[in-house]
Every structure is written in structure tokens, then in C-alpha cells.
């Protein structure tokens, strides 16, 4: 259920003032998208969990810098993306292969769907992090190249080029997997 | 005839260059750079099956990628976070709206962008000990344990970050370094006007309805010292509250206030150890952590001065400059310097007028100033007109304000608070 913006505003104010309940309510609403974004950017469950942890541990203080001009979910996601990208650059991050535990349903449409999905997941996970970031932010999060450029510290043109390289690699990986 | 035309078309297509990938992708997204680009690609597509296949794949990519599963948040995470927050742990996140990041951010940025404060380690006794102390040797126990012989003080970063006069580390890293439209550089800083002592401040958030957060306390201790055989001020600043646990030592030239040396321990969540030496037109040093050492070697061009280092700098600064109506000036705050984008932050300061300020510590006749770090929201700062005592700093935020207020000043260096 999409949260009411006004509810968010109240929760934000309370979380900023240190309310654990309000932080919990924000977590209940937004932990899932934050986790999903971090996982997509990092390709590792453990790393994504660390980002989720850091984002909500630091949220009450970070909210001091939230000026409420834009939507809270996109603000939060930008922070999560930054935290994830920062982590991606760090040496200490854990590496992992993607989920493929559910691949063992054979001989049905469902099995094909699972197989296809895990091929996408494998292809995504196989991308270098700099390319994956662009493809995730553009294709899944709807960022503009200008926004991606600002996040990654690259030019718009570089973002476009990376996106295309990522798509080409994804296509090759997907077609190779069939 | 028709088939001949078709084969000519496909032949032509073979010799015509395919559109470049970004142009094809823009076409797919309906974002062609120009009507000409769009028309040119449309014509090419009519003849080129290969590009049509690419276009089709590219158009379906988003939907395909959305089928990739993502894991759910792990059970117990919220409880873990709540317990850690209750124990005093914090995490300073990067800002959502930073400007462009450096092209290749090294690993330490991850840490510089975040400060994990394990206040629980030192415990309440540590806080008390430190608060009651008058010098660096009473710093929090866990931080003191990290101190290096010869450096009496542990450090991090934070007083003026909390004040809001300086940007938090998290976004300090990514401010542009060029200074355009800044007021003239401050000249004639006179360290001779400065006296030793201890200043205490309190940081709180105030809502429009008058509610205030539990205040955090910070202190700045200025002492006469020597560094490299020359007279210096040793400036210790520390901030200890429910969000930050920070301290830092800086030596500045006794007369000009030019930074000579800065030591910061516990920087970032990886507890980086930063040492900076200011030599003529350069800052040199190391940032150590995560098992590696990053060398710091950055130019500080004379045109960018005067330079300031250390969170306590503005307490010194306002005591060392003669303000008057219409005064404006700029200084540059030096960052950690381990990456090119974190070297210099121009700060513009302007006298707005005079104002009498009443705070719990007393009533003060002040200069009201605007202080602006490039790219950051403006701060309003009040300093006592008679001696430059930093009385209050306020930053308006939505729904209220963040405020730093003087709690106590050394009676030896300033007149007692005017009641």
C-alpha cells in the first residue's frame, strides 16, 4: 500500500527528533525498496543488508538534511544509492553469486520463468559494478543521465556510453545463456 | 523491381554505418538528440534488421531487468538497529543531493562519508570525565587509547560540522573547489588578539513550535604551545553528544593563525588516522586505515588563503579579525586532501548588521554575520562585537532551526557574560 505523504511527514519529524517508533514505521515502509536498490547495485545480499543497516542507523541524523522539497522515497533512495555506491568502491565488501536457489522447478511455464529470471540475475551480477549502477539507475530507477552522472561523478555522455555497454553485455550474456 | 529495390536497400544498409549505441538507445527511449537524429535512425531501421533486433532488445530490457528478484530485508534488522542506536551508535550518511563525485573515488571515501560513533565504548563515565576535564588528556577513553605518543589528543571531526558552519564530512568531499564570486580574501588576521581558554557550546534542533532536541555539547580548548620551534596555538576541539563523538587537535601559527599541523584519529567508520603538515604552499601527510596508507600532497595556492584547518577555527577566527559594518571576507577551509575534490572549501563571511542576542548564558551585543560554505545553505552567526566571542550560530531548516549556542567562555579571556 503506498504510504500517504502526510503520514511520512509526521513520521519524518518524529524520527528526526529521535523517536524509535517512527524510525520503525519508516523502516516498515521503506526497508524493502532500499534493500532492493542496494542489492541491485551491489549484487550481494550481505552487502545490501549492510547498506540497509547503515541507511536506517543513520536516518534520524540524515533527516536533518532533508528539506522536504522532493518526495521522501526518492530522497531516501538517493541516499541509499550513494551509500551502496560508496560501499561498492570500498575494499571490504563481500562478494557473492546471486540467488539461484529456486531453479529446480522443471518442465512448466513457471520453471521457464524462473530460469529466465535467474538468467537475468546472473547477467546483472556479471556486470562490472560501474556498468551495473548505470543500468539499474536508468532502467529500473528511472534516473536521467544527468542524475546518474551526478551520482557517479561522470559526464552525461559517459553515462550513456556505460548504459549501452551494459545493455550490450547483458544481451550477450542472456543470449549466450539460452 | 520491388525485390531489386529491396536488395539495393539492404546492400546500402550494409555499407551505411549503423547508428551508434547511445543514439539508438535515445531513439528507443524517445529521447533523440534532434529530429534529424531521430529521422536518420528511423530511415536506417527500415533497412537494417540487425539494428531493429537491437532496438527491440533494448526496449524490452527494462521489463526484463525488473523480473530480477531482490532479497527481502533480513529478519531482526530493525531490532538490531534500534539496539545499536540505543547504545549510542550512529552512522553519518552521504547527502542525497551532492554535486558531482570525484571521477574515481578511492576506498577511503566510503569511510570519510560515514562516521560510525561507538559512544557506548567509552560509556557515561567517559563522557563525564571528558566534560569535566579542561584539556585533551581527558578525552574519551576509547579515543585516547588510539592516540599516538606525542599526540596528546584523539581527533575526528565535528564541532563546526555540528554547528553547521562547516559541511559535514559526508558531503564536504564533493563540493566543487573553484571559488567564483567569493568576497575578497581576509587579510590581517591577528592571532595576537587571541587568548587561551576553553569555550563550551551546545547544539540543539529547535522546532517552530519551540520544542528543542536534547542538546549535545562541544568544547574548544585553545592553549599556547610550540610547534616545530615556533610559537603556536594548540586548538583542541571535541564534540560529544548523542550523535557525534569527535575531537581533533590543530596547531596554528601564534600570530597569523596559519595551520601548521593537524591530527585527526577515528575519522570515518573505519577509524582513519589523518595527519597533515602544512608546509609553505602545500599540505602533506597521510591518511591511514583499512590496512593502507594514502599519501596527502596538495597545493594550497597563495591566492586561496588564508587557510583554515580544524573545526575550532572559527572560534579563533572571529577573535582575530576586526569586524565592522559592511565587512566581508573569505577564507578557505582545508579538507583531508586525500582526493583532489577534498582539498579546499571557500567560505564567505559577511557582516549583516548589529543585534543584541539573549541566550541562557547572557545577553550579548553582537555582529550578525552570514557565513556560507560554497554550495551549502547559509548560516547566521552572532559574535560579540567587543571581542569576537562566537555566541550563536543558526541554520534555518524546514520546520525549525539548528542552533549552536555558547554555554561558557573563559573568564580570563573575555568579560563575564553580560546579564
(request) Residue by residue through the range B:344-367, note down the ones that are under 25 Å from residue B:185 (Cβ atoms) and surrounded by fewer than 20 Cβ atoms within 10 Å (Cβ to Cβ). (result) B:348, B:350, B:351, B:352, B:353, B:354
(request) Output the residues belonging to the range A:27-42 that are surrounded by 24 or more Cβ atoms within 10 Å (Cβ to Cβ) and more than 7 Å from every other protein chain (Cβ to nearest Cβ). (result) A:34, A:37, A:38, A:41, A:42
(request) Can you confirm whether the range B:17-35 contains a residue that is under 46 Å from the mean Cα position of the chain (by Cα), at pLDDT 85 or above and more than 14 Å from chain A (Cβ to nearest Cβ)? (result) yes
(message) Looking at A:55, A:51, can you tell me which residue is in contact (Cβ under 8 Å) with a residue 12 or more places away in the chain and more than 21 Å from residue B:88 (Cβ to Cβ)?
(response) A:51
(request) Quick one: in the range B:80-95, of everything that is more than 7 Å from chain A (Cβ to nearest Cβ) and assigned to a loop (DSSP other than H, G, I, E, B), which residue is surrounded by the fewest Cβ atoms within 10 Å (Cβ to Cβ)? (result) B:87
(request) Give the residues of the range A:43-75 that are more than 8 Å from every other protein chain (Cβ to nearest Cβ), in a helix (DSSP H, G or I) and within 12 Å of the chain's Cα centre (by Cα), sorted by residue number. (result) A:47, A:51, A:74
(message) Criterion first (at the interface with chain A (Cβ under 7 Å from one of its Cβ atoms), in a loop (DSSP other than H, G, I, E, B), closer than 24 Å to residue A:139 by Cα and at pLDDT below 85) does residue B:104 satisfy it?
(response) no
(message) Between B:370, B:328, which is touching a residue at least 24 places away in the same chain (Cβ under 8 Å) and surrounded by fewer than 21 Cβ atoms within 10 Å (Cβ to Cβ)?
(response) B:328
(request) Output the residues belonging to the range A:113-122 that are at the interface with chain B (Cβ under 9 Å from one of its Cβ atoms) and within 21 Å of residue A:33 (Cα to Cα). (result) A:117, A:118, A:120, A:121
(request) Look through A:141, A:160 and report the one residue that is on the phi < 0 side of the Ramachandran plot, within 8 Å of chain B (Cβ to nearest Cβ) and at pLDDT 90 or above. (result) A:160
(message) For a quick check of your reading: which strands (runs of 3 or more DSSP E) sit entirely within the range B:309-419 and have at least 1 residues that are within 23 Å of residue B:207 (Cα to Cα) and out of contact with any strand residue (DSSP E or B) (no Cβ under 6 Å at 6 or more places or on another chain)?
(response) B:344-359, B:362-373, B:390-397
(request) Determine if the range B:70-79 includes at least one residue that is within 14 Å of chain A (Cβ to nearest Cβ), more than 27 Å from residue A:59 (Cα to Cα) and modelled with pLDDT of 85 or more. (result) no
(message) Based on this model, can you work out whether residue A:132 counts as at the interface with chain B (Cβ under 9 Å from one of its Cβ atoms) and over 19 Å from residue B:94 (Cα atoms)?
(response) no
(message) Taking the criterion of being at the interface with chain B (Cβ under 10 Å from one of its Cβ atoms) and either modelled with pLDDT of 90 or more or assigned to a helix (DSSP H, G or I) (or both), would at least one residue in the range A:90-108 satisfy it?
(response) no
(request) Determine which single condition residue A:147 fails, assuming it passes every other condition in (1) at negative phi; (2) at pLDDT below 75; (3) more than 7 Å from chain B (Cβ to nearest Cβ). (result) (2)
(message) For the range A:118-134, check the following and say yes or no: at least one residue is over 17 Å from the mean Cα position of the chain (by Cα) and either part of a loop (DSSP other than H, G, I, E, B) or at pLDDT 85 or above (or both).
(response) no
(request) Would you mention how many residues in the range B:50-69 are surrounded by fewer than 17 Cβ atoms within 10 Å (Cβ to Cβ), part of a helix (DSSP H, G or I) and at the interface with another protein chain (Cβ under 7 Å from one of its Cβ atoms)? (result) 2
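The values are calculated or read from the model by the stated rules, or taken from the named source; none is laboratory data. Predicted, not measured: the structure shown is a model, and the values here were computed from it. Cβ: placed from backbone, ideal geometry, glycine included. Neighbour counts: every protein chain shown.
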